[in-house]
Amino acid sequence: MEEIMKETYEYVTGNDGTPVTTTGGTYAKMMPHIVPFGPSFPGQKGIGHNPNEWMTREDLITNAKIYALTLYQLSRKETEL
């Protein structure tokens with residue numbers, strides 16, 4: 001699953017998709033078989049999880065492409081959870 005997410009990010013953005021950690025919490029720790037996945041892009045520093053959290057329209061569209069393609073690729077892969 002993680003490899004599909006990495007490859008999809010790289011395919012859509014052309015950037016290195018090596019996963020990074022976040023200091024924020026996610027619901028993934030409460031649910032089995034869940035991987036937190038929220039693409040970020042070079043230059044995005046300190047824009048998330050603030051009172052005025054924002055994202056450019058271009059980045060929002062890129063995120064949608066990444067999520068859609070990732071879900072499509074995962075739906076094609078038979079996995080055992």
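Residue pairs, Cβ under 8 Å, 6 or more apart or interchain, first in the range 1-18 and surrounded by 14 or more Cβ atoms within 10 Å (Cβ to Cβ) and modelled with pLDDT of 90 or more, second of a type in the set (Ser, Thr, Tyr) and part of a loop (DSSP other than H, G, I, E, B). List them.
That search, which allows pairs on different chains as well, returns 6/18.
Looking at 21, 26 in this structure, which one is at pLDDT below 80 and exposed (fewer than 12 other Cβ atoms within 10 Å of the Cβ)?
One residue alone meets the criteria, 21.
Are any residues in the range 2-54 within 14 Å of the chain's Cα centre (by Cα), hydrophobic (A, V, I, L, M, F, W, C) and farther than 15 Å from residue 74 by Cβ, and if so, which ones?
Those that are within 14 Å of the chain's Cα centre (by Cα), hydrophobic (A, V, I, L, M, F, W, C) and farther than 15 Å from residue 74 by Cβ: 20, 28, 41.
I'm told residue 65 meets every condition in (1) surrounded by 12 or more Cβ atoms within 10 Å (Cβ to Cβ); (2) among the basic types (Lys, Arg); (3) more than 13 Å from the chain's Cα centre (by Cα) except one. Can you identify the failing condition by its number?
If we test residue 65 against (1) surrounded by 12 or more Cβ atoms within 10 Å (Cβ to Cβ); (2) among the basic types (Lys, Arg); (3) more than 13 Å from the chain's Cα centre (by Cα), just (3) comes out false.
Considering only the range 26-81, how many residues are under 17 Å from residue 12 (Cα atoms), in a loop (DSSP other than H, G, I, E, B) and among the β-branched types (Val, Ile, Thr)?
Count: 1.
The values are calculated or read from the model by the stated rules, or taken from the named source; none is laboratory data. Values in this document were obtained by computation on a predicted structure and should not be read as measured data. Here Cβ is always computed from backbone atoms with ideal geometry, including for glycine, and neighbour counts include all displayed protein chains.
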